[in-house]
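Written out below as structure tokens is the structure these notes cover.
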Amino acid sequence: SQNDGANTGGPGGMPNLQFNYGDDARGEIVLDDQDNVYVASCTQSNNFPTTNGAFQTALNGRMDGCVFKMTPFLTNMIFSTYLGGSGDDASYSLKVDNLDQPFVTGGTMSHNFPPTPGPLTPNYQGGVDGYVVHFDATGSNLLRSTYIGNNTYNQCYFIELDRDEDVYILGQKLGAWPIVPAGIWSTPNGGGQFIMKLDNGLSNIVYSTEFGTSNNLVNISPTAFLVDVCEFVYVSGWGGATNAQAGVGNTSGLPVSPNAYQSTTDGSDLYILVLQPEIVGVEYATFIGGPNSNEHVDGGTSRFNKRAEIYQSVCAGCGSFDDFPTTPGAFSSTNNSNNCNLACFKLSLDLPGVVADFYPDPDTIGCAPQTITFNNLSAGGNTYQWSFGDGNTSNAFSPTHTFQNAGIYSVQLIATDSNTCNVVDTAFRTIIVAPVPVAQVSPDTAVCEGESIQLFAGGGQTYQWIPALYLNNPVSSSPIATPTASVTYDVIVTSAGGCSDTASVTVDLHPNPQAAAIGDTLICPGDSVPISASGGLTYQWSPTAGL
């Protein structure tokens, strides 16, 4: 009944947790291996839909985080829960572990944010704190919960998991920050952005660092975050004039690498940073933006993928400039607006490890026998081993395989390269092959003129009779036919999986006989007389006395 998905409504119209321009539109959506849909967001409604047994079924403050899970086609809510204490709380990002248990991060002003035993930071530090929680797979219990921060301003905007399911968070902060271990890479003057790696139990810091131009200034509003298979850390964000407020600086002075795509900034640009495993140094850093306009992201999230590619959406060209960098052959290299316009870019970065990935074509439920081409999207591999789940295998790069029988098949791809940091990676996709129905129909039949007959079909979920002539309902499994001529019907029988079979039935129309008989006659008692009739196939005389 109130604002949902909108981090708004603080004193004077400004929300307490909205630190950056666009924070009111933060949240995240991710999928698990079964394509179930997980969402992290916030709500101010005391009647936000929750599920039976959810961890928190009531709004605790003016605004709480919310976390929910839905089935792939969004037809059912698997679980839905509030998340927060008596102050303002918001959930910004989540990831799902191998047991389908979500890790969620965000910001809180609650001194009583839901606690658990043994966290890294059990108590509220003051001001705005970040937090990380770990739910069980049902959304009913918190496995672990911890505050993140100091006594000034801190928020956690993104969360990532590595292969060991250790937890990485990207956020903003003001003031001092722990640098762990000593000697880890950080910027000389501190910084307003932090990266922290925690163990899976959220009890210990594995490493922690800060980057930026000053401990008292935030430089960028984070827009994307990734930890790849080799534990390189990827950060994307934006900063500058559009985000100008107390405690916020710009992109000037942020570190860049010698191979940067763009080594200079006007202070209002996108910024991309790639850090080496264990944060021992900078692998790559660049600006992206024009020399005149103030590029920014109004809200929402861009994406890195596991092949170390970033897909970024940008509000660019503000002031009717055409200065955002475009590539040859781009859809549009001009703004076409009298102010800001949407710009999008994809940036590919070198990937040191193996990432197995593939896409089936077609990717929908098919009918047996079903032939599928598996498009190999892997990065970093040089040998590939496929298992199709029906006993057949292949070593081809992008094989084509025919599933002869109906069933649910788990297709596995193992990509290998012994020269990479992780050597091998595995990907799975589920292929559903539906059975073809066997159409069943009533046998051929005959009717007389003016009569009706009910036809029957079976074996499927839907039915289509062709032609529809003389039928009262041509999409019924049992239509009534009242023909005026002989007709042969084809019925298309379709299963729930969309597979179909066809059968035929013929209805012969027989004309009504024209009875003919001899005329009346007179005989004496005891005499016999022949009588006859014609025009039919069978005859029935009544009464039968004397015959």
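The values are calculated or read from the model by the stated rules, or taken from the named source; none is laboratory data. Quick caveat, the model's predicted, so the values are computed rather than measured. The protein model used for the area step is the full one, side chains on, heavy atoms only, and it has no ligands, DNA or RNA in it. Shrake-Rupley method; radii C 1.70, N 1.55, O 1.52, S 1.80 Å.
Given LYS69/LYS95; LYS69/LYS173; LYS69/LYS346; LYS173/LYS306, which pairs have Cα atoms separated by over 23 Å?
LYS69/LYS173; LYS69/LYS346; LYS173/LYS306
Taking Cα pairs under 8 Å and at least six residues apart, what relative contact order does the stretch 265-321 come out at, in percent?
RCO, the stretch 265-321: 31 percent.
Of the accessible area of the stretch 184-305, with the probe set at 1.4 angstrom, what percent is carbon plus sulfur?
Ligands and nucleic acids excluded, carbon and sulfur reach 48 percent.
On full extension of the chain, what length is gained from ILE408 through GLN540, given 0.36 nm per residue of separation minus the C-alpha to C-alpha distance?
Answer, rounded to one decimal: 41.4 nm.
Treat the stretch 208-289 as a sphere of radius equal to its Kirkwood radius over Cα pairs and apply Stokes-Einstein at 20 °C in a medium of 1.002 mPa s; give the translational diffusion coefficient in µm²/s, rounded to a whole number.
D, rounded to a whole number, is 166 µm²/s.
Can you work out ³J(HN,Hα) from phi for every residue in the stretch 202-213, in order, using Karplus 6.51 cos²θ - 1.76 cosθ + 1.60 and θ = phi - 60°, giving whole Hz and x for Gly and Pro?
Rounded to whole hertz, the list is 6, 10, 9, 7, 7, 8, 8, 8, 10, 8, x, 10.
Compare LYS95, LYS346, LYS173, LYS306 by solvent-accessible area with a 1.4 Å probe and give them largest first, with all protein chains kept in place.
Ranked from most to least accessible, the order is LYS346, LYS306, LYS95, LYS173.
Taking only C-alpha pairs under 8 Å that are 6+ residues apart, what is the relative contact order of the stretch 366-473 in percent?
Contact order relative to length: 24 percent.
How big is the stretch 1-133 on each of its three principal axes, counting only the C-alpha atoms and giving the largest first in Å?
The Cα atoms of the stretch 1-133 stretch 42, 36, 28 Å along the principal axes, largest first.
Relative contact order (percent) for the chain, with alpha-carbon contacts under 8 angstrom and 6 or more residues of separation?
In percent, rounded to a whole number, it is 6.
May I ask you to evaluate 6.51 cos²θ - 1.76 cosθ + 1.60, the Karplus curve with θ = phi - 60°, for each residue of the stretch 146-158 and list the ³J(HN,Hα) values in order in whole Hz, giving x for glycine and proline?
Per residue, the Karplus-derived 3J(HN,Hα) values read 8, 6, 10, x, 10, 8, 10, 10, 8, 9, 9, 9, 9 Hz.
I'm a student and want to see the number: the projected area of the Cα convex hull of the stretch 333-454, averaged over all directions, in nm².
That works out to 17.3 nm², a quarter of the Cα hull's surface.
Give, to the nearest whole percent, the P(r) tail of the chain beyond 31 angstrom, counting all Cα pairs.
Counting every Cα pair in the chain, those more than 31 Å apart make up 61 percent.
In straight Cα distance, which aspartates and glutamates are under 15 Å from LYS197, not counting same-chain residues fewer than 8 positions off?
GLU160, ASP162, ASP164, GLU165, ASP166, GLU210, ASP228, GLU231, GLU278
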